[in-house]
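The structure appears below as structure tokens.
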Amino acid sequence: MKKLRSALKTKFRNSIKIVGLGKYLPEKVLTNFDLEKMVDTSDEWITTRTGIKERRIAEGESASDLGTKASLIALKRAGLKPQDIELIIVATVTPDYQFPSTACCIQKNLGAKKAVSLDIGGACAGYVYALSLAWALVGGGFYKNALLVGSEVLSTITDWSDRSTCILFGDGAGASVVVPAKSEAGMLSSYLGGDGNFGDFLILPAGGSRLPASKDTVKNRLHYIKMQGNEVFKIAVRVMVECAQKALKKCGLRSEDADLLIPHQANLRIIRAVAKRLNLEDKVFVNIHKYGNMSSASSAVGLCEAYEEGRIKKGDIVVLDAFGGGLVWGACVIKWI
Ligand code: UT7
């Protein structure tokens, strides 16, 4: 028994490493100037208050379509075939269906017959949650590898007549393949948290078992994102700073040890405030101007794009830091192998 316990402990301590990254952004670009024609807003207001200039919009493509395209790139870069994949975790708030899961749809699209497939919530922190879960399951020896996907078609749950939210969101998908890491590097730590008491601040009220779809819910536009932006903003800055600090502390590091901070891309003012408090203003990755807030896809695309742009090199300490509806939050520290 003692032996088994120590064997399990040793196995569970195994790290994981990311061996393939992919992203897919739909072609259609919706600029702030386009939005000026749709609601009472201006490019100047959106740019100064959010940092967003344009976002992508999926036309006739679902979360699994976007996720499949990102996954094919990640798999190719990982040198793995879909049939090799043992676990697929998809983070999304815009699933193709309530069921089957979007992970099952992606499994089917890829022909990843062997893969156990599941969706998780986690909203904008969904990719950080997926990565942490994969660490437990792949690092723990339950699966040899995992495909992690953050995919969102937020345009389908955006109220295009509500100027306080419709300017924020965009569609996209990011994917990554993880395998066990033999060295001490790879995933170094994860810190996750949340507080359901703040659930009403960012919510899609109707369409679930609490408020099933009806003529009234449709008439009252309750199938769209509702957000108390100011409240979310204040909490976001505080928890993102705390998350990054706690995740770094868990692996014996401090913020000055980080080479790159990849924060959730919800608002440039939030990103700047967090980076300033962490003293990482020169080491922060930003792509919100191109894509807006893509919820779970923001961190996944951010990591992929940062790597593609050469911002991540072997040995670098990368911090992923996110928060979202729940409210939930989380950070992961990775030493790039
Ligand atoms: O990942 C999910 C988590 N979400 C977030 O992190 C979002 C966090 N919150 C935010 O990013 C910001 O709160 C917003 C960008 C949503 C709003 O920015 P704000 O600086 O908090 O603006 P506000 O809501 O306090 O509104 C200021 C003014 C209001 O007008 P009055 O009442 O001062 O006359 C709004 O009606 O700006 C008005 N306004 C707009 N004006 C032009 C709100 N939306 C718009 C708009 N265009 N799109």
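Across segment 26-150, how many lysine pairs, 8 or more positions apart or on different chains, have C-alpha atoms separated by under 21 Å? Please give the number. Lysine pairs meeting the criterion: 19.
At an R0 of 35 angstrom, the distance between the Cβ atoms of Asn197 and Asp34 translates into a FRET efficiency of 0.40.
When the Gaussian network model of the chain links Cα atoms closer than 10 Å, the mean-square fluctuations of Ser255, Ser298, Ser42 top out at Ser42.
Could you grab the relative contact order for segment 187-335? Cα pairs under 8 Å, six or more apart, rounded to a whole percent.
36 percent
Taking Leu72, Leu110, Leu148 in turn, the Gaussian network model of the chain (Cα-Cα springs below 10 Å) assigns the largest fluctuation to Leu110. Packing-based ranking of 323-334, 265-276 yields 323-334, 265-276, ordered from highest to lowest mean Cβ neighbour count within 10 Å. When the chain is treated as a GNM with alpha-carbon contacts under 10 Å, the residue of Thr94, Thr217, Thr165 showing the greatest mean-square fluctuation is Thr217.
Bear in mind these aren't lab numbers, they're just calculated from the coordinates by the rules spelled out. Every value quoted in this text rests on a predicted model; they were computed, and no experiment measured them. All Cβ positions, glycine included, derive from the backbone under ideal geometry; neighbour counts span all protein chains shown.
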